[in-house]
Amino acid sequence: MSEGDWPLFEVFIRSRSGLEHKHVGSLHAADARMAIEHARDVYTRRQEGVSLWVVRSADIVASDPGEADALFEPARDKVYRHPTFYAIPEEVKNL
Amino acid sequence: MYTQALDTHGKEPAGSTEAEPRAAHFQARVDAEEKIEPKDWMPEAYRQTLIRQISQHAHSEIVGMLPEGNWISRAPTLKRKAVLIAKVQDEGGHGMYLYSAAETLGISRAQMLEQLLSGAAKYSSIFNYPTLTWADVGAIGWLVDGAAIMNQIPICRCSYGPYARAMVRICKEESFHQRQGFEIMLTLTQGTRAQRAMAQDALNRWWWPSLMMFGPSDADSKHTAQSMRWKIKRFSNDELRQKFIDITVPQAHFLGLTIPDDELHWDEASQHYHVGPIEWSEFYAVLKGNGPCNRERLEARQRAHEAGRWVREAAAAHAERERSRSASQAAGEAA
């Protein structure tokens, strides 16, 4: 591996306990441990997090934006999955 | 810290020859203020414009570490030193966010680094001016970062998602940079006669280059219209420059400093400050490589790259060894 080939890692930060890890950006590192150290310096200089995840970008499998319609269209006509779909008389409470 | 509408130089990308329906769909999404993401289809000229602008912006952050880094070892107090180190580290961080954003468009980090180190890439020409005194550190934070914020805030709404997100992060951090710079100027102007003179001298030298950071006047700015249509750019160079002048002049007055411009006056009719003509020949000379520090800046980056080579090689060798170790361990367990 030459110096130009340091793999790309995606960085996820948990900003405080109780919240999920959220994607914040990416960086290059020789290995995962270095990626954590770089992520600390690049993305948490102002206490932005209490926990870091790094994942090799090459290991992420993403959906194809070109197929977004086919993938997500089936949910479009299923408004009955939302509570507001159901008409309930005013006088009925706690529902 | 950035910049001078860096999209105003470099080669004009070829006009769009893309299939029309896709191009029209793309423009409709941009018009609707939708964000474009890395895997979405985009016109090649849009991609190239962004690669050029974001990479130049990244280079500017990296080279921008040099003029201020020059004063870390000579900062007047431990507090100032700690602040300056944090600021310079932020600039490095900004470069990293931006290189990552550019990489999503298909250019590699190595290619960008090569363009910077070979001198092929442009960066903001403000960093080709020297930092002669401590007051220059204050003037840079106040004026250069101030101009950068003015330029960068509209880019937070750029149509390209990764660039916009990087910009949001950067703008949050820039505010500290500008305020610490102003505070340095304030302290100096409340000091001895010599300290006040030092602050005035720094303003004298940084005022005009700061105004030039917004790029050529609209009449000479060749990329503005297309960049506006793509919502990469939201305001023209002259609009942003005027906004910067209008907020900065009263700050200078507060400091008791004199803006080095005989023609400067408040214009009642337009409700703006009027400034004298900008010496554009200086701007173009610095851009062409003939500024006071162009060579020095490039050499410093090249030296740093060479000096760090052994570290990069050692890290790569270590990673390689760890990988083959865990691979042979896994093979052992499997056997």
(message) What is the sum of charges, Lys and Arg at +1 and Asp and Glu at -1, for the other residues whose Cβ falls under 11 Å from the Cβ of B:GLU183?
(response) +3
(message) Averaged over its residues, how many other protein chain Cβ atoms are within 10 Å of peptide B:316-326's Cβ atoms?
(response) 3
(message) Only sites in a loop by DSSP and with at most 15 other Cβ atoms within 10 Å count here; which chymotrypsin sites (Phe, Trp or Tyr not before Pro) in chain A make the cut?
(response) A:TYR86
(request) Taking chain B as the reference, fit the longest principal axis to its C-alpha atoms, fit the long axis of helix B:20-31 to the helix C-alpha atoms, and give the angle between the two in degrees, 0 to 90, nearest 10. (result) 50 degrees
(request) Assign unit charges at the C-beta atoms only (+1 for Lys and Arg, -1 for Asp and Glu), then state the dipole size of segment A:3-85 relative to its Cα centre in Debye, rounded to the nearest 20. (result) 620 debye
(request) Among B:VAL137, B:ALA331, B:PRO38, pick out the residue whose Cα is farthest towards the positive end of the charge dipole of chain B, where Lys and Arg carry +1 and Asp and Glu carry -1 on C-beta, about the Cα centre. (result) B:ALA331
(request) Within segment B:130-152, find all residues whose amide N lies under 20 Å from a label point positioned 7 Å from the Cα of B:SER270 along Cα-to-beta-carbon. (result) B:147, B:150-151
(request) Could you let me know the centre-to-centre spacing of segment B:22-64 and segment B:244-268, using Cα atoms, in angstrom? (result) 36 Å
(request) Of the listed pairs B:LYS172/B:LYS231; A:LYS22/A:LYS93; B:LYS87/B:LYS243; B:LYS81/B:LYS288; B:LYS233/B:LYS288, which have alpha-carbon separations greater than 28 Å here? (result) A:LYS22/A:LYS93; B:LYS81/B:LYS288
(message) Using only Cα atoms and rounding to the nearest 10 degrees, what angle (0 to 90) does helix A:32-43 make with the longest principal axis of chain A?
(response) 70 degrees
(request) In debye, nearest 20, what is the charge dipole magnitude of the protein assembly as shown about its Cα centre with +1 on Lys and Arg Cβ and -1 on Asp and Glu Cβ, if you could check? (result) 1180 debye
(request) Post the alpha-carbon centroid distance, segment B:154-193 to segment A:8-23, in whole angstrom. (result) 25 Å
(request) With unit charges on the beta carbon (Lys/Arg positive, Asp/Glu negative), name the residue among A:GLY25, A:ASN94, A:HIS38 whose Cα is farthest towards the positive pole of the charge dipole of segment A:10-95. (result) A:HIS38
(message) Given the -39500 (n - 2.57) contribution per DSSP H run of 4+ residues, what per-residue ellipticity at 222 nm results for the protein assembly as shown, rounded to the nearest 500 deg cm²/dmol?
(response) -17000 deg cm²/dmol
(request) Compute the long axis of helix B:193-212 from its Cα atoms, compare it with the longest principal axis of the Cα atoms of chain B, and write down the angle in degrees, 0 to 90, nearest 10. (result) 60 degrees
(message) Running a GNM on chain B with Cα contacts under 10 Å, which residue among B:ARG312, B:ARG196, B:ARG295 ends up with the highest mean-square fluctuation?
(response) B:ARG312
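None of the figures in this text is laboratory data; all of them are computed from the coordinates on show. Computed from a predicted structure; not experimentally measured. Glycine also receives a Cβ, built like all others from the backbone with ideal geometry; neighbour counts cover every protein chain displayed.
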